[in-house]
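**Q** After the structure tokens below, expect a handful of questions from me.
The values are calculated or read from the model by the stated rules, or taken from the named source; none is laboratory data. Quantities reported herein were computed from a predicted structural model and do not represent experimental measurements. When we count neighbours, we look across all protein chains shown, and the Cβ atoms used for this are built from the backbone with ideal geometry, even at glycine.
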Amino acid sequence: MATGKPRGFTLLGLLFLIAGLGVAMAATGTLWQTVAQREKEKELLFIGEQFSIALESYRRAMPEAPRPHPPNLEALLADDRFPGTRRHLRRIWRDPMTGGFDWGLVRDEHGGIIAVHSLAQGEPVKKSGFGPGQETFAQATTYHDWAFRARAMSAPPPSTEIDTDRARARQPPATR
């Protein structure tokens, strides 16, 4: 059996291959986790924007001052201050960072909700490129700092006249 050749190189090569695959898998897992967190943050920013719009809509529903903030999130689903049902939010969204329906609430001196934030403890990956009304999020150290506040809704865009030449250019040619 002894041929004079050194043995065990195949085993050593296999061990190096397994170690290399382990390192590659760890790097892939870290990258995947970062991508997943960024997606959750995008979803949180969208949901937070929905809460901001709903909080402002609730306040603007009253024609005169004082314009109170909602006492709870359920008041955004069915505003009982009017004879008919008025909805400012279609549903209470699930917090994508925690997976639950519980939200942190910031209240005014009368107990009304002025802002909503996630209860997640993590540090945000996103540090720049926030939309209007979210500029302070760039300095956030946790998701608690991403407080989605009621802010003035922009007025509806003014009506514009249609450019008839462009509209005609997009239409398919008439068939005879």
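**Q** Restricting to segment 131-151, and then to whatever is assigned to a loop (DSSP other than H, G, I, E, B) and at pLDDT 90 or above, can you tell me which residue is surrounded by the most Cβ atoms within 10 Å (Cβ to Cβ)?
**A** W146
**Q** Now for a different question. I need the full set of residues from segment 87-106 which are under 10 Å from A120 (Cα atoms) and among the aliphatic types (A, V, I, L, M), in order please.
**A** Residue satisfying the conditions is M97 alone.
**Q** Examine segment 18-37 for a residue that is surrounded by 13 or more Cβ atoms within 10 Å (Cβ to Cβ) and within 15 Å of the chain's Cα centre (by Cα), and state whether such a residue exists.
**A** Yes, segment 18-37 has at least one match.
**Q** Related question: Tell me which residues, restricted to segment 152-166, are surrounded by fewer than 10 Cβ atoms within 10 Å (Cβ to Cβ) and either modelled with pLDDT of 85 or more or touching a helix residue (DSSP H, G or I) at 6+ places or on another chain (Cβ under 9 Å) (or both).
**A** Residue satisfying the conditions is A152 alone.
**Q** So which residues in segment 66-110 are exposed (fewer than 11 other Cβ atoms within 10 Å of the Cβ) and either over 25 Å from the mean Cα position of the chain (by Cα) or over 20 Å from G48 (Cβ atoms) (or both)?
**A** Once the filter is applied, which keeps residues that are exposed (fewer than 11 other Cβ atoms within 10 Å of the Cβ) and either over 25 Å from the mean Cα position of the chain (by Cα) or over 20 Å from G48 (Cβ atoms) (or both), segment 66-110 yields P66, D80, F82, P83, G84, T85, E109, H110.
**Q** Another question, if that's okay. List the number of the failed condition for Q121; all other conditions in (1) touching a helix residue (DSSP H, G or I) at 6+ places or on another chain (Cβ under 8 Å); (2) surrounded by 11 or more Cβ atoms within 10 Å (Cβ to Cβ); (3) in contact (Cβ under 8 Å) with a residue 12 or more places away in the chain; (4) not acidic (D, E) hold.
**A** Tallying (1) touching a helix residue (DSSP H, G or I) at 6+ places or on another chain (Cβ under 8 Å); (2) surrounded by 11 or more Cβ atoms within 10 Å (Cβ to Cβ); (3) in contact (Cβ under 8 Å) with a residue 12 or more places away in the chain; (4) not acidic (D, E), Q121 fails exactly one: (2).
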